[in-house]
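Quick one: structure below, then a few questions.
The values are calculated or read from the model by the stated rules, or taken from the named source; none is laboratory data. Keep in mind that this is a model prediction, so the values were computed, not measured. A quick note on method: Cβ atoms are made from the backbone with ideal geometry, for glycine too, and the neighbour counts reach across all protein chains shown. These accessible areas exclude ligands, DNA and RNA; they are computed on the full protein's heavy atoms, side chains included. Shrake-Rupley method; radii C 1.70, N 1.55, O 1.52, S 1.80 Å.
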Number of protein chains: 2
Amino acid sequence: MSDGQQQEMGRAVDIALIHYPVINKGGETIGSAVTNLDLHDIARAAITFGVGTYYVVTPYTDQHSLIQEILDHWQTGHGATYNPARKAALERIRISESLEATVAMITEQRGRRPLLVTTSARVQENSLGYREARRRIEEGEPVLLLFGTAHGLAPEINESADYSLLPIESITGYNHLSVRSAVSIILDRLMGVRRDELQ
Amino acid sequence: MSDGQQQEMGRAVDIALIHYPVINKGGETIGSAVTNLDLHDIARAAITFGVGTYYVVTPYTDQHSLIQEILDHWQTGHGATYNPARKAALERIRISESLEATVAMITEQRGRRPLLVTTSARVQENSLGYREARRRIEEGEPVLLLFGTAHGLAPEINESADYSLLPIESITGYNHLSVRSAVSIILDRLMGVRRDELQ
């Protein structure tokens, strides 16, 4: 077994991309549509950094069908032979109808309820720094990282979670990263291989 | 002036997304097509971390027209009023026909030739660590970071550059991040605000 695999096995991190409930520009609660590249980019980042399962969370059954069609193309269709690496990444995706159902699946799989950690572009109560989050992950604590689509997670998700990671600070004050970028950066900060403190 | 702006002004980092010459799956040199989300996601990451200009490099004039149409929509069309934050991000984009033309523009603007630093999923000769790259950026040295589309930069670009950043190491051995993820992670490592060594 490689060092990388040993390290991966000691961790119990899953991620969820929430499409409902999230907020729109005006702060109202909405459900968002699934974006194809959110599936691909985030699955590729998840497998790179050793995330167990990438839950795509939406209550809409038409969206479940859409996700399944995309997954089928890459897992059993032409995509699977054309690009086996993509197949491996997308195999980490699981469709889920709600946050509650996601937590239940993880609790069943991992034998205990995961720590729920939200992410946000704004500082929330119960904030958690990267160093402390990384330490808990390295100790093997089950962690579910929650990411919001549209303009972010609905307030009730932030309020009911155990912690909220500190925002990715912007040097210019611009705080509108894509969720694909935010997931990539946060997984690197929490789970990336570091040969020194900056790599 | 905020601390963030002061920090930003001391830096002289530009990035270029290369669509030619890059390699395909078989290692042959090709030109790739521009992807809409490469413009958006990478522009948003660029402005977040204080990159000066995001050069989109392709020799194909039909691709220049396509990029310009997208930029116009967000800069002067409906998109500009609907989403001013996106307008601000996309304003950092400049279309360029080649790497040589890009280097010439930067040299003219910054008063000296930038250090050319490639990025790759494989270790190259002349490799540069993140700590050293970050140090040089903080000293104000002009740096042009080069990112490849398709299966990565053509060998002649890696060979002619000053340095190549070490790859983003994968814990699982999977080294197929999207270029959008790779840019985000690398900008965070080189230019992200750090309150401690892990944030």
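When A:GLU125 is evaluated against the numbered criteria (1) in contact with an Asp or Glu (Cβ under 9 Å, 6 or more places away or on another chain); (2) over 18 Å from A:ILE185 (Cβ atoms); (3) open to solvent by less than 50 Å² (accessible area, probe 1.4 Å), which criterion, by number, is the only one it fails?
Condition (3) is where A:GLU125 drops out.
Also: Any chance the stretch A:100-112 includes a residue that's within 17 Å of the chain's Cα centre (by Cα) and among the small types (Gly, Ala, Ser)?
There is at least one residue in the stretch A:100-112 that is within 17 Å of the chain's Cα centre (by Cα) and among the small types (Gly, Ala, Ser).
A:SER181 is checked against (1) open to solvent by 20 Å² or more (accessible area, probe 1.4 Å); (2) under 16 Å from the mean Cα position of the chain (by Cα) and fails just one. What number does that condition carry?
(1)
Having 3 or more residues that are within 11 Å of chain A (Cβ to nearest Cβ) and in contact (Cβ under 8 Å) with a residue 40 or more places away in the chain is the bar; report the helices (runs of 4 or more DSSP H) wholly within the stretch B:87-199 that clear it.
So the answer is B:130-138, B:179-191.
Considering each of A:ASN158, A:ASN126 in turn, give the residue that is on the phi > 0 side of the Ramachandran plot and out of contact with any helix residue (DSSP H, G or I) (no Cβ under 7 Å at 6 or more places or on another chain).
A:ASN126
Could you please give the count of residues in the stretch A:35-79 that are assigned to a loop (DSSP other than H, G, I, E, B), more than 14 Å from chain B (Cβ to nearest Cβ) and open to solvent by less than 20 Å² (accessible area, probe 1.4 Å)?
Adding up the residues that qualify gives 1.
Is it the case that the stretch A:138-159 has a residue that's in contact with a Phe, Trp or Tyr (Cβ under 6 Å, 6 or more places away or on another chain) and among the polar types (S, T, N, Q)?
no
Please enumerate the residues belonging to the stretch A:47-99 that are among the polar types (S, T, N, Q) and either closer than 15 Å to A:VAL13 by Cβ or under 20 Å from the mean Cα position of the chain (by Cα) (or both).
A:THR48, A:THR53, A:THR58, A:GLN63, A:GLN68, A:SER96, A:SER98
When the residues of the stretch A:138-178 are narrowed to those that are within 16 Å of B:ALA45 (Cβ to Cβ) and of a type in the set (S, T, N, Q), which ends up farthest from the chain's Cα centre (by Cα)?
A:THR172
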